[in-house]
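Accompanying notes for the structure given below.
The values are calculated or read from the model by the stated rules, or taken from the named source; none is laboratory data. Quick caveat: nothing in here was measured; it's all calculated off a predicted structure. Cβ: placed from backbone, ideal geometry, glycine included. Neighbour counts: every protein chain shown. Surface accessibility is based on the protein's heavy atoms, side chains included, excluding ligands, DNA and RNA. Shrake-Rupley method; radii C 1.70, N 1.55, O 1.52, S 1.80 Å.
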Amino acid sequence: MIKRLLFYVLSELYGLITSCRNALYDRNVFSSKHFDRPTTLVIGNLAVGGTGKSPFVAYLVQHWPFQERLGILSRGYGRKTNGFRLVESTSKASEVGDEPLAYKRQMPNITVAVCEKRVIGVEKLQNEVDTLFLDDAFQHRAIQGDLNLLCTTYDKPFFIDKMLPLGRLRESSEGVKRAQAIVVNRCPATMTDAKKSAFESFGLPVFYTRVRYGSPVGPALSEIKNWHLVAGIADPLPFFKQAKSLGDIINQESYEDHYAFQTADFQYWEYIAKQCKGDTGILTTHKDFMRFQEHLADYPNLLKHLYYLPMQMEFVSEESEFWTWMKQSLKR
């Protein structure tokens, strides 16, 4: 009871601070910079992590219908470096962050960069790209994007959530007013009219997407019937659920989002891998694999038994309508 009361007080205080900050930006007391070049698309959320933002960014880049030079700018959360840094396919997750590295490995011809100060990051890329996707920048109000796309999930929408630490919101649901569209990710096969009406009640275009998983990527997939699962992402439940369709689950372990695996963790998973028979593998997410990979040379058994599960986003329906809206919004 005391703990919940404390969380309530902290949640109210956090909400007051973020509301004051937004009000200062709204009244131009704090300056917000708009760039004529490149075109900037802000993709973000109101809640912390786990809203399907990364697959949506990847989808936008991979399906971009305009002949332009594209780039992704991220903060590079979890990296051990600072300042502006271009991401290369040979970069390490500890240098650039797991998500930016996953983007670069997935789309090697796209410019990917990290910078905690987004204004500086955009300035550095002005002559390199025509359209820049600002990953997880909805609260970074020092930049005024050309288009703001707000991601949320079907099961945990922002409008039923509470402020941190009582809930998962970084700012109040009033922040939706800065968006030009809502993208509802991780939708089920069947959606209720009542739930769709709730999303559409904000008077913005709403688009619905779902996740499509691929086959595990690793050394010898055809032989694997049993899995150890490991995930260090904000919401591992969809990953765990999908893994159950791939075989028998021996055990599953989760860590906090962007968790920096320690030597003891690698030694533990090396021990698990050493016990694995030919029909047993260790399965993780693509983001986690980025953080594992730079250490695998030191753990030969883990290298032989580690797999990752790729995933992609796709529209439930109205994909063509989304791109028509995008063209009109950007005046392409």
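Observations on the structure shown:
- The accessible surface of the chain, taken with every protein chain in place and a 1.4 Å probe, is 51 percent carbon and sulfur.
- Prolate is the label for the chain. Its Cα gyration tensor axes, ordered a ≥ b ≥ c, give a/c of at least 1.5 and a/b above b/c.
- In straight-distance terms, cross-link reach from K33 covers every one of the lysines whose alpha-carbon lies under 18 Å from its own, apart from those fewer than eight places away in the same chain; here that gives K117, K124.
- Summarised as an ellipsoid, the stretch 104-252 has semi-axes of 31, 25, 15 Å, derived from the eigenvalues of the Cα gyration tensor scaled by 5 and square-rooted, with the largest first.
- Candidates per GluC sites (Glu not before Pro) in the stretch 126-188, loop by DSSP, up to 16 other Cβ within 10 Å: E128
- Dividing the summed -39500 (n - 2.57) terms of all DSSP H runs of n ≥ 4 by the residue count of the chain sets its mean residue ellipticity at 222 nm at -10000 deg cm²/dmol.
- Each Cα pair under 8 Å and six or more residues apart adds its separation to the average, and for the stretch 97-159 the resulting relative contact order is 21 percent.
- Placed amide H near E116: partners under 5 Å, 5+ positions off or other chain: G83
- The stretch 1-112: C-alpha gyration tensor shape, a/c 1.5 cut-off, then a/b vs b/c: prolate
- Taking 25 °C and 0.890 mPa s as conditions, the stretch 112-162 diffuses translationally at an estimated 191 µm²/s according to Stokes-Einstein applied to its Kirkwood radius (Cα pairs).
- Once the Cα atoms are used to define both axes, helix 319-330 deviates from the longest principal axis of the chain by about 50 degrees.
- For A47, net neighbour charge (Lys/Arg +1, Asp/Glu -1) across residues whose Cβ lies under 9 Å away: +2
- Two-site label geometry, K124 and L5: point separation in nm, points 7 Å out along Cα→Cβ: 4.8
- Annotation for the stretch 200-309: GluC sites (Glu not before Pro) lying in DSSP loop with at most 15 further Cβ atoms inside 10 Å of their Cβ are E256, E294.
- Think of each Lys and Arg Cβ as +1 and each Asp and Glu Cβ as -1; about the Cα centre, that makes the dipole of the stretch 1-126 roughly 240 debye.
- Whether the stretch 174-248 is rounded, prolate or oblate, judged on the alpha carbon gyration tensor where a/c under 1.5 counts as rounded: prolate
- Extension gain, R37 back to R212 (0.36 nm per residue minus Cα-Cα distance, nm): 59.6 nm
- For the stretch 287-332, accessible area per residue (1.4 Å probe, heavy atoms of protein chains only), Å²: 52
- Ranked by how many other beta carbons lie within 10 Å on average, peptides 312-324, 295-307 from highest: 295-307, 312-324
- For K225, a cut-off of 15 angstrom between C-alpha atoms picks up these aspartates and glutamates, skipping any fewer than 8 places away in its own chain: D248, D279.
- In the chain, taking the dipole from charged Cβ atoms about the Cα centre, the farthest positive-side position among L166, G278, F207 is held by L166.
- Alpha carbon centroid spacing (whole Å) that separates the stretch 131-180 from the stretch 295-332: 20
- Among A243, A198, A273, residue whose mean-square fluctuation peaks in a GNM of the chain (springs only between Cα atoms under 10 Å): A198
- Above-threshold pairs, the threshold being 27 Å between Cα atoms, out of K156/K177; K162/K195; K53/K277: K53/K277
- Per-peptide average of other Cβ atoms within 10 Å, ordering 202-209, 19-26, 225-232, 83-90 highest first: 225-232, 202-209, 83-90, 19-26
- Solvent exposure of the stretch 127-201 amounts to 42 Å² per residue of accessible area, where only protein heavy atoms count and the probe is 1.4 Å.
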